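What follows draws every value from the coordinates through simple rules; no lab data is involved. Nothing here was measured: the structure is a model prediction, and the numbers come from that model. As a convention, Cβ positions derive from the backbone with ideal geometry for all residues, glycine included, and neighbour counts pool all protein chains shown.
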Amino acid sequence: MNSEQLRQALRLYLVMGSSNCAGADPYAVLEAAIEGGITMFQFREKGAGALQGQARLELGARLRRLCAQRGVPFIVNDDERLALELEADGIHIGQEDAPAAAMRRRLPGMIVGVSAHDLLEAESALAAGADYLGVGPQYATRTKLDAREVQGPAVIARMRAGGIRLPLVGIGGIDAANAPAVIRAGADGVAVVSAISQARSPKQAAAELLNTIKSIGRNS
Ligand code: TZP
Ligand code: MG
């Protein structure tokens, strides 16, 4: 995947694990979200009540197959071994995880995404060979308990003004109402957890978000 294709894939990025689905079946949630038009998926099985071991691997394998069947890139959060076992399309790592340069070396051919919170972190991620950045939290979130301070879309504008051209998504508290501000600040797309995984209709929520993002037109 070249960087333009990655930009397109990042338009509507669903990030999710079983504990984000409010008791619903994560497979059904992902299937509905794909029908609604999500363009990329990250398996993020962490936090209270997250599956462990074999159960985690089995769920990951089912979600991975679904993504492969539907042509949706499948990314694994944090876990290099799991990414390899699931033959993921990529891995997403935070500032506290293994360094991006090591991932780049050890997972050749995989997409490497990095969470960055300011221009300096974005520059380091770029130097380390990151393929895309996740920037947040844009807005208040109840999904990630250890999220940093809310930054707002201005942090994305600062990265773009500072010369960061990498494909980039905003994350944290994003929904159809505030997604336009994130795109206008310079993001290629948005990454969401609860706006889709906890919606009454994940399919409708995804479709509404995608329409909103398309209507801004940066990616046309
Ligand atoms: N990283 C920064 S904020 C966040 C992550 C994983 C959680 C976003 O969840 P939500 O429900 O879209 O606010
Ligand atoms: Mg992490």
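Residues of region 188-218 with an amide N closer than 13 Å to a point placed 7 Å from the Cα of ARG142 along the Cα-to-Cβ direction: 194-195, 198-199.
Quote the FRET efficiency, to the nearest 0.05, computed for GLU4 versus GLN54 with a Förster distance R0 of 25 Å and r equal to the Cβ-Cβ distance.
The pair GLU4/GLN54 has a calculated efficiency of 0.05.
The charge dipole of the chain, taken about its Cα centre with unit charges on the Cβ atoms of Lys, Arg (+1), Asp and Glu (-1) only, comes to about 420 debye.
Built from the Cα atoms of region 42-82, the convex hull projects on average onto 2.9 nm², one quarter of its surface area. Calculate for the chain the 222 nm mean residue ellipticity that helices alone would give, adding -39,500 (n - 2.57) per DSSP H run of length 4 or more and normalising by residue count, nearest 500 deg cm²/dmol. Estimated from H runs of four or more residues: -11500 deg cm²/dmol.
Here the Karplus curve 6.51 cos²θ - 1.76 cosθ + 1.60, taken at θ = phi - 60°, turns the phi angles of region 97-105 into couplings of 8, 4, x, 4, 4, 5, 4, 3, 6 Hz, with x standing for Gly and Pro.
Peptides 41-49, 202-210, 156-164, 181-189 ranked from most to least packed give 181-189, 202-210, 41-49, 156-164, packing being the mean of other C-beta atoms within 10 angstrom over each peptide's residues. Taking only the C-alpha atoms of region 15-108, Rg followed by Dmax gives 12.9, 38 Å. Remark: C-alpha extents of the chain on the principal axes read 43, 38, 32 Å, sorted largest to smallest.
The fraction of Cα-Cα pairs per 5 angstrom bin, counted from 0 for region 95-179, comes to 3, 15, 25, 22, 18, 12, 4, 0 percent, rounded to whole percents.
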